[in-house]
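This report concerns only the one structure given below.
The values are calculated or read from the model by the stated rules, or taken from the named source; none is laboratory data. Just so it is clear, the model here is predicted, and its values are computed rather than measured. Methodologically, a virtual Cβ is constructed for each residue, glycine included, from the backbone with ideal geometry; neighbour enumeration extends over all protein chains shown.
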Amino acid sequence: MLATTPRLSLREFTANDVDSFYALESNPANARYQTWEPRTRQQSSKLVDEAINSILIQPRRVIELVVETGCETETPRFIGRVGCMIADNIANLWFSFLPAAQGKGYATEAVRALITFLHDAPAGNLVAFETLQIECDPRNTGSRRIAERLGFQKISEELNVYKCKGELVGSVVYETGIQGWLK
Ligand SMILES: CC(C)(COP(=O)(O)OP(=O)(O)OC[C@H]1O[C@@H](n2cnc3c(N)ncnc32)[C@H](O)[C@@H]1OP(=O)(O)O)[C@@H](O)C(=O)NCCC(=O)NCCS
């Protein structure tokens, strides 16, 4: 396990996670405010491969983790994923949870654990960065609430920034610093 919370565990992806990843990523509701259409099984399998390969690239620039409940039992349950990509001194965070696992605070708990993992990573394990960022479509209230609950500050909100799935969509950006992150 890379991180645990009272209810959750975060771990690296393995080849056994393709079915769960596909169940999450093929769901139109989960893709609603993403730039991509619901994923096919083939796309899901490729993305899981990429997540596994990213583990080997040091220092790490991409982190993509499985979130599970019930890890104290013999049958932990995949409920979602959290991750980030580090570029230009910024770790851009993402997260997506199965509909049945939403509305329970799991996503906020998992993102908090991810940030603590990033904060505590030994020097040299990750590409260095100073800022954590959450960017989303302004209509994505679930995502915005996570940023706000975690103490991120809104730094910009714009309408009609880019074309996505045939419509012009906006962008809201939240930030906080990794130094002094309070678990
Ligand atoms: C974004 C997303 C993860 C948010 O999911 P979520 O379930 O709203 O977020 P959380 O798991 O943190 O749950 C928070 C809710 O659980 C409620 N909750 C219930 N029991 C709780 C508990 N024991 N502890 C904490 N919160 C609890 C909170 O009150 C909150 O509800 P509210 O927002 O109505 O106030 C989800 O909508 C999703 O997967 N969307 C698709 C992917 C996506 O758009 N990702 C973002 C782009 S990067």
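Figures for the structure shown
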{"quantity": "Cross-chain or 6+ apart pairs with Cβ under 8 Å, the stretch 81-108 first and farther than 21 Å from Leu2 by Cβ, then near the ligand (Cβ under 8 Å from one of its atoms)", "calculated": "Pro99/Ala29; Pro99/Asn30; Gln102/Gly142"}
{"quantity": "Qualifying residue in the stretch 23-37 (condition: in contact (Cβ under 8 Å) with a residue 60 or more places away in the chain and β-branched (Val, Ile, Thr))", "calculated": "yes"}
{"quantity": "Residues being surrounded by fewer than 17 Cβ atoms within 10 Å (Cβ to Cβ), within 15 Å of the chain's Cα centre (by Cα) and of a type outside the set (D, E, K, R) - total across the stretch 1-35", "calculated": "2"}
{"quantity": "Residues satisfying the stated conditions in the stretch 33-71, i.e. within 16 Å of the ligand (Cβ to nearest atom) and hydrophobic (A, V, I, L, M, F, W, C)", "calculated": "Trp36, Leu47, Ala51, Val62, Ile63, Leu65, Val66, Val67"}
{"quantity": "First in the stretch 120-143 and without any contact (Cβ under 8 Å) to a residue 40 or more places away in the chain and assigned to a loop (DSSP other than H, G, I, E, B), second anywhere and more than 13 Å from the ligand (Cβ to nearest atom) and among the small types (Gly, Ala, Ser), Cβ under 8 Å, 6 or more apart", "calculated": "Pro138/Gly170"}
{"quantity": "Residue check, Glu130 touching a strand residue (DSSP E or B) at 6+ places or on another chain (Cβ under 9 Å) and surrounded by fewer than 16 Cβ atoms within 10 Å (Cβ to Cβ)", "calculated": "yes"}
{"quantity": "Some residue of the stretch 62-70 being farther than 22 Å from Gly180 by Cβ, surrounded by fewer than 17 Cβ atoms within 10 Å (Cβ to Cβ) and modelled with pLDDT under 95", "calculated": "yes"}
{"quantity": "Selected residue [at pLDDT 95 or above and within 13 Å of the chain's Cα centre (by Cα)] from Glu135, Glu130, Glu148", "calculated": "Glu135"}
{"quantity": "The stretch 74-119, residues that are in a helix (DSSP H, G or I), over 17 Å from Ser54 (Cα atoms) and more than 15 Å from the ligand (Cβ to nearest atom)", "calculated": "Thr116, His119"}
{"quantity": "Any hit, the stretch 154-170, residues being assigned to a loop (DSSP other than H, G, I, E, B) and over 20 Å from Tyr33 (Cα atoms)", "calculated": "no"}
{"quantity": "Qualifying positions in the stretch 146-162 - aromatic (Phe, Trp, Tyr) and in contact with a strand residue (DSSP E or B) (Cβ under 6 Å, 6 or more places away or on another chain)", "calculated": "Phe152"}
